Amino acid sequence: MRLVTAFAALSAAIIGTGFWTTTAPAATSARPIGVGGTIWITDRQNDRIAVYDTATATLLGTFSTEGTPDPLHADEPNDVAVAAGKAYVTNEASGTISVFDASTRALLTRLSAGPKPHHASASQSEDLVAYGVYGTNQIGIIDTASGSIRRLTASNRSGTVLTHAPSFSPSGRTVFAANELRSGTTQLAGSVSAIDLATGKIKCELTVGVRPSEVVVTPEGRIGYASVRNEHLIKEIDFGSCRLTGRTVDIGEEVDTLDLSPNGRSLSVGLRGPAPKPARVAVVDLVSFRAQDVRYWTIPGGTLTGHQWTSPNRRYTYAAFEGTAPGVAVIDHLRNVVQTLPTIGSGRPHGIAFEPADDD
């Protein structure tokens, strides 16, 4: 259950009209006003996670992905998904997933995940968590009740395929994947695919461009959007007919992580440079789907943007970022300001997940 205030409801009504301010966003260090809950982020440099209380804008603490830190065994946690009262942290270097109790932050177990577990996402029903097995052409599917993992092939392309990121359909019956394709160290045109969870069969696979990073699908489960990192493009896909629609938006820099608004009208995009560009988040209007309608938010002191999450009312976007004071930025779309939560001290924040407050 999500904590909803009258002010948030009012902002939802305003933002739900499709309004986005066009003036340059302001940066401020004042305490953000956000939705109630906790934000989990991964720190790839220090083998830890950080947890924030979003209602009070405080850092609740940092926790080792191993329980007891072991400098001889690097984890390099990449991403985190929260589901069914647990947080699942993908540790790319060690090929494991650390599972935490979402309430106590206690380490429950570590799962063997395969080579280079990467981006992760939870199904809407929270019974499954999917992650890209980035050292292979597969995705892993975790049953959150039993902790069991099954692996599904995400691409049938020949060559070296590296599955980067999966996401679920709203129904939970299909999982979508973004797959890089390489020949040696050369990046080739990769694909996105749709896999039937019941049978494990690939229902659709399409070539989308060089280095696809993520793919998300709108609430009706048919139209999807892929970030094609090396081409700086967001591409629209019709998974119902298994074809590219031909609609694209050129963001002008490397596009990475995606977060779709609940109403399917806008898409936030984490941008990864290249240097010397600062850390930024772009928001694409999916109705007009035009480059001139893209809005950009610069994170003060940020050098690289990690993953991001947007609140259901579309007012706030939380984004992990690296930089001089790394941590989490909060974009307030209604007030048109970018604020920051307390720094984690040092490190490389990357993955992010939101756990809503229980308002019982």
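The values are calculated or read from the model by the stated rules, or taken from the named source; none is laboratory data. Quantities reported herein were computed from a predicted structural model and do not represent experimental measurements. Don't worry about glycine lacking a Cβ; one is built from the backbone with ideal geometry, like all the others, and counts go over all protein chains shown. To get the accessible areas, we keep the full protein, side chains included, count just its heavy atoms, and leave off ligands, DNA and RNA. Shrake-Rupley method; radii C 1.70, N 1.55, O 1.52, S 1.80 Å.
Can residue 244 be described as open to solvent by 20 Å² or more (accessible area, probe 1.4 Å), touching a Leu at 6+ places or on another chain (Cβ under 7 Å) and among the aliphatic types (A, V, I, L, M)? Yes; evaluated as a whole, the condition is true for this residue. Beta carbons closer than 8 Å, at least 6 apart along the sequence or on distinct chains, pair a first residue in the range 143-167 that is in contact (Cβ under 8 Å) with a residue 60 or more places away in the chain with a second that is surrounded by 14 or more Cβ atoms within 10 Å (Cβ to Cβ) and not in a strand (DSSP E or B) for 144/84; 144/126; 144/127; 145/84; 145/127.
Against the condition at pLDDT below 95 and surrounded by fewer than 22 Cβ atoms within 10 Å (Cβ to Cβ), how does residue 220 come out, does it pass? Outline the logic, then answer.
Values: at pLDDT below 95: yes; surrounded by fewer than 22 Cβ atoms within 10 Å (Cβ to Cβ): yes.
When the stated conditions are applied, residue 220 passes them.
Within the range 185-215, restricting attention to residues that are free of Cβ contacts under 8 Å to residues at least 60 places away in the same chain, within 20 Å of the chain's Cα centre (by Cα) and open to solvent by 20 Å² or more (accessible area, probe 1.4 Å), the residue that is nearest to residue 167 (Cα to Cα) is 211. Restricted to the range 311-347, and to residues there that are open to solvent by 10 Å² or more (accessible area, probe 1.4 Å) and under 18 Å from residue 272 (Cβ atoms), the residue that is farthest from the chain's Cα centre (by Cα) is 324. Of the strands (runs of 3 or more DSSP E) entirely within the range 152-209, those holding at least 2 residues that are more than 17 Å from residue 132 (Cα to Cα) occupy 186-196.
Being of a type in the set (Asp, Glu) and either open to solvent by 10 Å² or more (accessible area, probe 1.4 Å) or more than 17 Å from residue 166 (Cα to Cα) (or both) is the filter here; which residues of the range 247-271 pass it? First the steps, then the outcome.
Quick first cut of the range 247-271, residues of a type in the set (Asp, Glu) only: 250, 253-254, 256, 259.
Within the range 247-271, 250, 253, 254, 259 qualify.
Of note, residue 137 does not satisfy the criterion of being open to solvent by 60 Å² or more (accessible area, probe 1.4 Å) and not small (Gly, Ala, Ser).
Is it true that residue 274 is open to solvent by 10 Å² or more (accessible area, probe 1.4 Å), part of a loop (DSSP other than H, G, I, E, B) and either in contact with a helix residue (DSSP H, G or I) (Cβ under 6 Å, 6 or more places away or on another chain) or in contact (Cβ under 8 Å) with a residue 24 or more places away in the chain (or both)? When the stated conditions are applied, residue 274 does not pass them.
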